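Colleague: I have a structure I would like to understand better, so I am pasting it below and will then ask my questions one at a time.
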Amino acid sequence: MSLLEVEDLRVSFPTEAGPFEAVRGVSFSLDRERLAIVGESGSGKTMTGRAILRLIPGAAVTARRLAFDGIDLLAASTGRMRALRGRRIAMVMQDPKFSLNPVMRIGEQLTEGLRRRDGLGARVARGKAIDMLEAVQIRDPERVLDAYPHELSGGMGQRVMIAMMLIPDPDLLIADEPTSALDVTVQAEVLAILDRLVRERGLGLLFISHDLQLVSRFCDRVIVMYRGKVMEELAAADLDAARHPYTRGLLNCLPKIGGPRGPLPVLDRDAAWAE
């Protein structure tokens, strides 16, 4: 049995014109590995990740099977889901500016869960927070704990977010474009941290991204989505040999070092892909 099993996942929203399906029949399994979901904006990547945690208010979420470690996530009570979130399944959001509370110091945000959920004292919780900040390669954790989010760089804020999600030592981490707002150097450092955590902790990682080149180097498997559907699933190392015309089109649109200097090709979409 895989750590996460998703079969025929569907997410729909009510609209004046009738229900709109943002995720349509997505199926995959994830074990203690790095699985990427890639696609253009609006392809349903983030909705898929949020649906796993049941974090989409107002949406209808259905599936033939949506299970984590044998637990039926759709049938789980609100209390059961609250116990799973953070402790066993964590999610790193795309931009720390919108995920960290701007009026709380970093230390308060990192230790809040430890004190309320686990009943740890202030000193023990602070010690665990410092250990985790060191694990994500923050050199001066004491200073960072006393800082407000606006006093941190984008890269440091993202590391804080990763530390916050990893403090409870979850089994599954859903990372929603965790490097999209970072420069290339910091991006490489954050990926190295995630890679080490997967290898050393046996973490299952669902990595949501739009960067095909990045996931081909970093992940084990790749799922390509378009308009809420899975177009193709393949090994990340084989991404350059993808066969689906949508995946090929995305790859052909990427700029290439030493390539022609003319306009990049535009993806020619086929209406049949969305059917």
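Colleague: Run down ALA83, ALA76, ALA125, ALA51 and say which single residue is among the small types (Gly, Ala, Ser), within 22 Å of PRO168 (Cβ to Cβ) and touching a Lys or Arg at 6+ places or on another chain (Cβ under 7 Å).
Modeller: ALA125
Colleague: State all residues of region 185-235 that are of a type in the set (S, T, N, Q) and either within 20 Å of ARG50 (Cα to Cα) or part of a loop (DSSP other than H, G, I, E, B) (or both); if no residue qualifies, say none.
Modeller: SER209
Colleague: Here's something else I'd like to know. Please enumerate the residues belonging to region 50-77 that are among the basic types (Lys, Arg) and touching a Ser or Thr at 6+ places or on another chain (Cβ under 6 Å). Show your work before the answer.
Modeller: In the first step, residues of region 50-77 are kept if they are among the basic types (Lys, Arg); the result is 50, 54, 64-65.
If the condition is that a residue be among the basic types (Lys, Arg) and touching a Ser or Thr at 6+ places or on another chain (Cβ under 6 Å), then no residue fits.
Colleague: So, in region 209-220, how many residues would count as being surrounded by fewer than 20 Cβ atoms within 10 Å (Cβ to Cβ), touching an Asp or Glu at 6+ places or on another chain (Cβ under 9 Å) and farther than 14 Å from GLY39 by Cβ?
Modeller: Summing the residues that are surrounded by fewer than 20 Cβ atoms within 10 Å (Cβ to Cβ), touching an Asp or Glu at 6+ places or on another chain (Cβ under 9 Å) and farther than 14 Å from GLY39 by Cβ in region 209-220 gives 2.
Colleague: Let me ask something else about it. In the set ALA163, ALA175, ALA147, which member is in contact with a strand residue (DSSP E or B) (Cβ under 6 Å, 6 or more places away or on another chain) and touching a residue at least 24 places away in the same chain (Cβ under 8 Å)?
Modeller: Of ALA163, ALA175, ALA147, the one residue that is in contact with a strand residue (DSSP E or B) (Cβ under 6 Å, 6 or more places away or on another chain) and touching a residue at least 24 places away in the same chain (Cβ under 8 Å) is ALA175.
Colleague: Any residue in region 114-123 that is under 16 Å from MET161 (Cα atoms), part of a helix (DSSP H, G or I) and either at pLDDT below 90 or not assigned by TED's automatic domain parsing to the domain that holds ARG159 (or both)?
Modeller: Going through region 114-123, the residues under 16 Å from MET161 (Cα atoms) turn out to be 114.
Applying the additional criterion that residues be part of a helix (DSSP H, G or I) yields 114.
If we keep only those that are either at pLDDT below 90 or not assigned by TED's automatic domain parsing to the domain that holds ARG159 (or both) too, we end up with 114.
Yes, there is a match, as at least one residue in region 114-123 is under 16 Å from MET161 (Cα atoms), part of a helix (DSSP H, G or I) and either at pLDDT below 90 or not assigned by TED's automatic domain parsing to the domain that holds ARG159 (or both).
Colleague: Tell me which residues, restricted to region 1-20, are within 24 Å of GLY58 (Cα to Cα), surrounded by fewer than 17 Cβ atoms within 10 Å (Cβ to Cβ) and touching a residue at least 40 places away in the same chain (Cβ under 8 Å).
Modeller: Hits for region 1-20 are GLU7, ASP8, PHE13, PRO14, PRO19.
Colleague: Among the residues of region 82-97, what is the count of those that are in a helix (DSSP H, G or I) and surrounded by fewer than 17 Cβ atoms within 10 Å (Cβ to Cβ)?
Modeller: Number of matching residues: 3.
Colleague: Starting from residues that are within 20 Å of the chain's Cα centre (by Cα) and farther than 17 Å from ALA175 by Cβ, keep the ones in region 64-73 and report whichever is surrounded by the fewest Cβ atoms within 10 Å (Cβ to Cβ).
Modeller: Among them, the one singled out is ASP69.
Colleague: To continue, here is another question. Let me spell it out: the conditions are (1) without any contact (Cβ under 8 Å) to a residue 12 or more places away in the chain; (2) assigned by TED's automatic domain parsing to the domain that holds ARG116, and GLY155 meets all of them except one. Which number is the exception?
Modeller: (1) is the only condition that GLY155 fails.
Colleague: Can you work out which of the residues in region 140-184 that are more than 30 Å from ASP31 (Cβ to Cβ) and not in a helix (DSSP H, G or I) is modelled with the lowest pLDDT?
Modeller: The qualifying residue modelled with the lowest pLDDT is ASP183.
Colleague: What are the pairs, 6+ residues apart or on separate chains, where a residue within region 240-267 that is under 16 Å from VAL215 (Cβ atoms) has its Cβ under 7 Å from a residue that is surrounded by 14 or more Cβ atoms within 10 Å (Cβ to Cβ) and β-branched (Val, Ile, Thr)?
Modeller: Listed by first residue and then by second, the contacts come to HIS244/VAL224; TYR246/VAL224; THR247/VAL224.
Colleague: While we're looking at this one, here's another question. Given the criteria touching a residue at least 12 places away in the same chain (Cβ under 8 Å) and touching a helix residue (DSSP H, G or I) at 6+ places or on another chain (Cβ under 7 Å), does ILE130 qualify?
Modeller: For ILE130, the condition - touching a residue at least 12 places away in the same chain (Cβ under 8 Å) and touching a helix residue (DSSP H, G or I) at 6+ places or on another chain (Cβ under 7 Å) - is met.
Colleague: Going by the conditions given, is LEU55 surrounded by fewer than 22 Cβ atoms within 10 Å (Cβ to Cβ) and out of contact with any strand residue (DSSP E or B) (no Cβ under 7 Å at 6 or more places or on another chain)?
Modeller: Yes; evaluated as a whole, the condition is true for this residue.
The values are calculated or read from the model by the stated rules, or taken from the named source; none is laboratory data. All values derive from a computational prediction rather than experimental measurement. Please note: Cβ atoms are built from the backbone with ideal geometry, for glycine as well, and neighbour counts cover all protein chains shown.
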